[in-house]
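The numbers here are math on the coordinates, done by the rules we state, and not lab data. The structure displayed is predicted, hence computed values, not measured ones. Using ideal geometry, Cβ is built from the backbone for each residue, glycine included, and neighbour counts are taken over all protein chains shown.
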Ligand code: SF4
């Protein structure tokens, strides 16, 4: 079966600085990322700030072009299409952002916001059809009909995120790309939005490409996980396998550092300096922070190795210093 989304060897480098005589630098945000994502599943991409996960989401959504590599959606190559060429595919792939306050137009009522999205993709929709669809997505997202006449500033953060989800939903997407969609919300509201996204996936057979730094979200919400570090994939696998038996030292440390339901509060912290895509270490990018690092790790970049379930890029796993299964 054709994958819903396919990324192949995606690289994205940004130029920074150079203005006013400053030093020019290359930010190596993504350094060769590949993946296949089937229909109807929840794909989570995790990693610390600066690991390239949001850049990958934006390339898949068509907001950035990759420096090299390809992105296919439903079998169509997307990364080399013009804005007009992408338009027929944009409806099926919607995006929601971390901060709905910034992604909703403060001058537009919810009615105008939803109608604009619907008419952009379905220009022949009549006023009465539009009304029916708007009321349908409001009901789906747990909002009342009187929401339509109000402005974004009249809602709480959680309600604004529901409006963003309704705006995505009204054009009947196959896939929603969600970039840290609960990170800006109160903890009590985060679970409500996750439950809502889960219900909508079941009802509308949606796939999610879900960017998060929060591993507890992945454990309870994701089907497949990709762990990234400095623009590279460290490890991939089903969320069940990855949480039961993380192989990559970075994944292991992330899991030890993450608060987990029913487990004592973890004290593990990631050692060393936080990573910067301006200066990627030689060999394995994680070696300055890795307790298993040896000379080979400092000199040679590990390749992604296929395991019985998932993949991992680590010399210590390949050499048997860390158990693969
Ligand atoms: Fe650590 Fe070496 Fe594995 Fe990198 S390749 S994660 S430095 S053991």
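Brief remarks follow.
- Residues of segment 153-164 classified as buried (at least 23 other Cβ atoms within 10 Å of the Cβ) and not in a helix (DSSP H, G or I), total: 0
- Selection over segment 270-286 of residues that are over 25 Å from the mean Cα position of the chain (by Cα) and within 8 Å of the ligand (Cβ to nearest atom) gives a count of 1.
- Segment 83-107, residues that are over 27 Å from residue 194 (Cβ atoms) and over 23 Å from the mean Cα position of the chain (by Cα): 84, 85, 107
- Within segment 308-324, being within 12 Å of the ligand (Cβ to nearest atom), part of a loop (DSSP other than H, G, I, E, B) and surrounded by 15 or more Cβ atoms within 10 Å (Cβ to Cβ) holds for 313, 314, 322.
- Of the residues making up segment 178-197, those that are out of contact with any strand residue (DSSP E or B) (no Cβ under 8 Å at 6 or more places or on another chain) and in a helix (DSSP H, G or I) are 187, 188, 189, 190, 191, 192, 193, 194, 195, 196.
- Restricting 167, 150 to residues that are over 16 Å from the mean Cα position of the chain (by Cα) and buried (at least 18 other Cβ atoms within 10 Å of the Cβ) narrows the list to 167.
- Checking residue 143 against (1) surrounded by fewer than 19 Cβ atoms within 10 Å (Cβ to Cβ); (2) outside any helix (DSSP H, G or I), the condition it does not meet: (1)
- Number of the exception - residue 186 against (1) farther than 30 Å from residue 39 by Cα; (2) surrounded by 18 or more Cβ atoms within 10 Å (Cβ to Cβ); (3) under 21 Å from the mean Cα position of the chain (by Cα): (2)
- The C-beta contact set for segment 311-323 (first residue closer than 19 Å to residue 289 by Cα and free of Cβ contacts under 8 Å to residues at least 60 places away in the same chain, second residue in a loop (DSSP other than H, G, I, E, B) and within 8 Å of the ligand (Cβ to nearest atom), distance under 7 angstrom, 6+ apart or interchain) comprises 315/284; 315/302; 321/292.
- The residue list 137, 132 contains one member that is more than 23 Å from residue 193 (Cα to Cα) and either touching a strand residue (DSSP E or B) at 6+ places or on another chain (Cβ under 8 Å) or without any contact (Cβ under 8 Å) to a residue 40 or more places away in the chain (or both), which is 132.
- Scanning segment 220-234 for residues that are over 13 Å from the mean Cα position of the chain (by Cα), in a strand (DSSP E or B) and farther than 14 Å from residue 303 by Cα returns no hits.
- Residues in segment 291-307 that are part of a loop (DSSP other than H, G, I, E, B) and out of contact with any helix residue (DSSP H, G or I) (no Cβ under 9 Å at 6 or more places or on another chain) were compared, and the one that is nearest to the ligand (Cβ to nearest atom) is 301.
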